[in-house]
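Everything on this sheet refers to the single structure shown next.
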Amino acid sequence: MLGKKRGNNYVVDKENNIAKIELKRKNKESIWTIIDLEDLERVIIFPYTWFAKYNKSIEGYYAVASQYIPELGRSRPIHLY
């Protein structure tokens, strides 16, 4: 099953009990992350868009969303674990 949530496409693989979420990369090809199917609903209702952010220390990518905090006047990253 193919679906879409605010800014992210996702594919449900019921046979393997997982969901794959598309993460956009700035001016590059998208990459996909995999989550347990039981966590999909929480990811779908999360009000922000997930994207891929490179982390030099692990030489890989994290699924990250930026949450704007009005009191701070800036955004903070939220990592998908």
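For region 22-45, name all the residues that are of a type in the set (A, V, I, L, M, F, W, C) and surrounded by 11 or more Cβ atoms within 10 Å (Cβ to Cβ). Please lay out each step first, then the result.
Filtering region 22-45 for residues of a type in the set (A, V, I, L, M, F, W, C) gives 23, 31-32, 34-35, 37, 40, 43-45.
Residues satisfying the conditions are L23, I31, W32, I34, I35, L37, L40, V43, I44.
Report, by residue number, each residue of region 46-68 that is aliphatic (A, V, I, L, M) and either surrounded by 10 or more Cβ atoms within 10 Å (Cβ to Cβ) or touching a residue at least 40 places away in the same chain (Cβ under 8 Å) (or both). A52, A63, V64, A65, listed by residue number.
Rundown of residues vs (1) out of contact with any Pro (no Cβ under 7 Å at 6 or more places or on another chain); (2) more than 11 Å from N8 (Cα to Cα); (3) in a strand (DSSP E or B); (4) at pLDDT 90 or above, yes/no style:
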residue: W32; (1), (2), (3), (4): yes, no, yes, yes
residue: E38; (1), (2), (3), (4): yes, yes, no, yes
residue: Y61; (1), (2), (3), (4): yes, yes, yes, yes
residue: Y68; (1), (2), (3), (4): yes, yes, yes, no
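Looking only at region 40-59, filter to residues that are among the basic types (K, R) and not in a loop (DSSP other than H, G, I, E, B); which one of those is modelled with the lowest pLDDT? Ranking the qualifying residues of region 40-59, first place goes to R42.
The values are calculated or read from the model by the stated rules, or taken from the named source; none is laboratory data. As the structure is a prediction and not an experimental result, all values here were calculated from the model. Reconstructed Cβ throughout: ideal geometry from the backbone, glycine too, with neighbour counts over all protein chains shown.
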